[in-house]
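Taken together, the values in this text are just the output of simple stated rules run on the coordinates, not laboratory data. As the structure is a prediction and not an experimental result, all values here were calculated from the model. Heads up, the Cβs are rebuilt from the backbone with ideal geometry, glycines too, and the neighbour counts pull from every protein chain shown.
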2 protein chains.
Amino acid sequence: MSADKGITPRATDFSAWYNDVIMRAELADYSPVRGCMVIRPRGYGIWELMQRALDDMFKATGHQNAYFPLFIPESFLRREAEHVEGFAPETAVVTRAGGKELEEPLVVRPTSETIIYSMLGKWVQSYRDLPVLLNQWANVVRWELRTRLFLRTTEFLWQEGHTAHATSAEAEEETLKILAVYRDFMENWMALPVLTGVKTDAERFAGAVRTYACEGLMQDNKALQAGTSHFLGQNFARAFDVQFQTMDGTMDYVWSTSWGVSTRLVGALIMAHGDDVGLVCPPRLAPLQVIIVPIWRSDEERAATFEVAERLKAELTASGVRVDVDRRDGMKPGAKYYEWEGRGVPLRLEIGPRDVAQGQAMSARRIGGKQPVSLADATTVIPDLLDGIQTELLARARARRDEHSVRGTTKEQLIELMEGQGGFAYGGFCGDGACEQVIKERTKATVRVLPDPEFRSAEAPVRCVWCDRPSVTEAVWARAY
Amino acid sequence: MSADKGITPRATDFSAWYNDVIMRAELADYSPVRGCMVIRPRGYGIWELMQRALDDMFKATGHQNAYFPLFIPESFLRREAEHVEGFAPETAVVTRAGGKELEEPLVVRPTSETIIYSMLGKWVQSYRDLPVLLNQWANVVRWELRTRLFLRTTEFLWQEGHTAHATSAEAEEETLKILAVYRDFMENWMALPVLTGVKTDAERFAGAVRTYACEGLMQDNKALQAGTSHFLGQNFARAFDVQFQTMDGTMDYVWSTSWGVSTRLVGALIMAHGDDVGLVCPPRLAPLQVIIVPIWRSDEERAATFEVAERLKAELTASGVRVDVDRRDGMKPGAKYYEWEGRGVPLRLEIGPRDVAQGQAMSARRIGGKQPVSLADATTVIPDLLDGIQTELLARARARRDEHSVRGTTKEQLIELMEGQGGFAYGGFCGDGACEQVIKERTKATVRVLPDPEFRSAEAPVRCVWCDRPSVTEAVWARAY
């Protein structure tokens, strides 16, 4: 795509559209390193706002940030059997350093459970040292064969929470607490409604007892796993011998959790809200929420519109709005509008000579809708307009998701749906991994989650959607990223 | 060191003292990976506050954050001759990934100039695309033989700024602007007075035209390079062919800068202010600024002191103070004081039954000085007390530095000083690298900087401190970390 050619429409080729949006909005770029991306300032700005919001939420729930080494001795990965099976094939390995071959190769962390549990044993002796509630903002590396900007890159940025508790119940509670934090963030910051529930064994994190997930539906009706929260039981505690003295004086292994979201969320945001003009960024995560475009012909008009624009910018900034003025000469207003729309700025304020005379600006929402705004009321009206956009984006995404969620799916419907328009298919599930595997091979759909109670259908399914044996649980299928 | 043994006094063994302080304050720990450290929450909290302050300063001067890949193709490093010579010997190299040998090994970034310049050519075509003002918060790896917690670790966290400009003058101006930002941060946040100036060729960044630095003096009178800002000229632009069309329509290579500070600053903070009791943290960078310790015997007293303590905490929190209450039962007040002092909390507020009755708390400054504080005035008096501590720490550090700065040093004095008490030795310098090398071999001192005008001696030196040839510039020598 080039600026001249425009953006490929979603209906033509969703995947090409996605890349075009990223390029036009200058969110990221391909790097000369296989599978690695460069996150450009406009994309990184979204990630910074995500980080700030999530970090505040983690701290409000008692977590503290720490930092563990990038490198993990290869032998550590092997200590947890499932874990090494899951991660070893996709590791990048340092074998040479300081000009010499290393005695033990070092794996570039794909996730940090092993290195963290190797330390916890040193810090935790008694129940008084628990719970340990840690989070880490870091880069991780997983050698993926097929990569996509933001969605699946060899290196990505994420946060990984790691907690250790005295009881199983407390660890399970933590797992669910974080799942709720993620959902809150996704819905109220990203305007992305998510379905929560537990993963089947086939989709479980390598080394976890249970994996919970938040699943969003993108505009091409494919699911995207937006965040996961794992109850690890005592698996890693046993592998790394992290024991503590209980209140009764006996010894026990700690119970632990881990949970993470990544820069993949930027991809989710793009695919949930973007349109054929480009990015649509929810106001709460928009690095720039309002762009003011002065419109003038004469020097006199230029001076007058700029003065009003700069004053408005100062007032809005003081009210906590992220705003700028497009001061560029030699560029027509229409071209500016087109550029800022492609970049997803939620609200545009146009100020021409007539607006100056009338003490107003013309507002144009990125998602449609124009109205004049009195400059005198701007500091109350503009934040309201932004809130309205935020709310509307969530409502639209929720309506779209509901429209593409089918309940009580039959086998035929499941096949037809997955080969056709896609979406979330709710249906009965026998719980047999073999059946799950056949469905995956036949329809390319996976069980996204066994949904949490509030998402379950009013009428519990009786038979498995595929094999007709009794259903042990409802499940939600979709093709996924 | 163990909590029982106490901290090694600075005078006995400064290096042991440094490690003891870190362990007692739980700032960091050794990891099972050679040369890598774990930054624990109390240490990471200081780094987070440093990041926030610096990030605000970078953004206020027009910089934006971005993120570039961790891995750099080995061939990229080789494109700039001095750069590869400086960094190649200490790189960690990924040779195997996804289960296969890589065709071209990937270096784990020791710094990101090369990967960034490989992208800049794509983004910069014309003078209109300049300046590019980027910053990146990231981890980097340099395979060091001798490592020290925070000061020199194989992996460390830092920020690296990278900017590109249309003219040499503009790039040079940027280099100095950032040097001033660093100094401002070090003095006004870290309470660390720093000497600024330019490095000699021997100490220059590999690939730079000129390196400027901020140098602090630690309590053992060794210098610590706290931050550097490099004018890169067109070196990297030529190596990566980053050309742009000038306003005149001709083509030119961009002029660039890079600059960085790292988690080493946490080490500097410890060594600048700590005492034989433990950490002393400047209030502006203290994750916890005030600890409230209720003192009670009866349940009734406990209820009364806790109520006052919690109310005070709420009021101070609302005023922007980072404060907590030590609610632990079964631990004597003295033991609590000892612990919080070791952790460097700037101010302690003791609240006993008599204080409750009198509507006051007893304040105790970490750096000495007790006074009662009326609870009614707490939200104004406490911030003032914290400001006072911040100011006093800077004044103390400045006095200590000045006391250990010798001007017009002779050869004999330089030798005596470097073999004895240490400090900054100002003297004339012939500018000859050979002379510099001899001094280094003989005294273990290096030229820290050729000082900026405001730090130069009133009387310019006439002869080189070592060879007695004419001095071309004043220089400052010290043994350094």
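Remarks
- Other copies of A:Lys59: label-to-label distances in nm, shortest first, labels 7 Å along the beta-carbon direction: 1.4
- Rounded to the nearest 20 debye, the dipole magnitude of chain A is 820 debye, with +1 charges on Lys and Arg beta carbons, -1 on Asp and Glu beta carbons, and the Cα centre as origin.
- Nonlocal amide H pairs with B:Ser319, under 5 Å, H built at 1.01 Å: none
- Cβ-Cβ FRET estimate between A:Asp13 and B:Glu26, R0 fixed at 41 Å, reported to 0.05: 0.15
- Relative to the Cα centre, the charge distribution of region B:14-273, modelled as +1 at Lys and Arg Cβ and -1 at Asp and Glu Cβ, gives a dipole magnitude of about 640 debye.
- Rg and Dmax of region A:291-385, both derived from C-alpha coordinates alone, stand at 12.2, 33 Å.
- Residue exposure proxy: A:Trp255, A:Trp47, B:Trp158, ordered by other Cβ atoms within 10 angstrom of their Cβ from fewest to most, comes out as B:Trp158, A:Trp47, A:Trp255.
- Label point distance in nm, A:Glu170-B:Arg297, each placed 7 Å from Cα along Cα→Cβ: 3.4
- Among B:Ser457, A:Ser112, sorting on how many other beta-carbon atoms sit within 10 Å of each Cβ, with the fewest leading, yields B:Ser457, A:Ser112.
- Computed over region B:14-273, the range of Cα coordinates on each principal axis works out to 62, 49, 32 Å, biggest value leading.
- The other copies place their B:Arg398 label points at 5.8 nm from this one, listed shortest first, where each point is 7 Å from Cα along Cα→Cβ.
- Förster radius 41 Å - calculated FRET efficiency between B:Glu412 and A:Trp123 (Cβ-Cβ, nearest 0.05): 0.20
- Compactness index (Cα Rg / 2.2 N^0.38 Å), the protein assembly as shown: 1.01
- For B:Glu101 and A:Ala434, the FRET efficiency from 1/(1 + (r/R0)^6), where r spans their Cβ atoms and R0 equals 35 Å, is about 0.45.
- Cα centroid of region B:316-368 to Cα centroid of region A:309-375, whole Å: 51
- Semi-axes of the equivalent ellipsoid of region A:405-478 are 16, 14, 11 Å, computed as sqrt(5λ) over the eigenvalues of the C-alpha gyration tensor in descending order.
- Computed over chain A, the convex hull of the alpha-carbon atoms projects to a mean area of 27.2 nm².
- With label points set 7 Å from Cα along Cα→Cβ, the inter-copy distances at B:Asp329 are 7.5 nm, sorted shortest first.
- Taken along the Cα-to-beta-carbon direction at a fixed 7 Å, the label points for A:Asp56 and B:Arg442 span 6.1 nm.
- Averaging Cα coordinates gives a centre for region B:234-252 and one for region A:230-260; these two points are 58 Å apart.
- Counting 0.36 nm for each residue step from B:Arg354 to B:Glu85 and taking away their Cα separation leaves a gain of 90.0 nm.
- Between the amide H of B:Trp259 and those of B:Gly161, B:His230, distances stay under 5 Å, these residues lying 5 or more places away or on another chain, with hydrogens modeled in the peptide plane.
- The length gained by stretching the chain between A:Asp241 and A:Glu419 to full extension, at 0.36 nm per residue less their Cα-Cα distance, is 59.3 nm.
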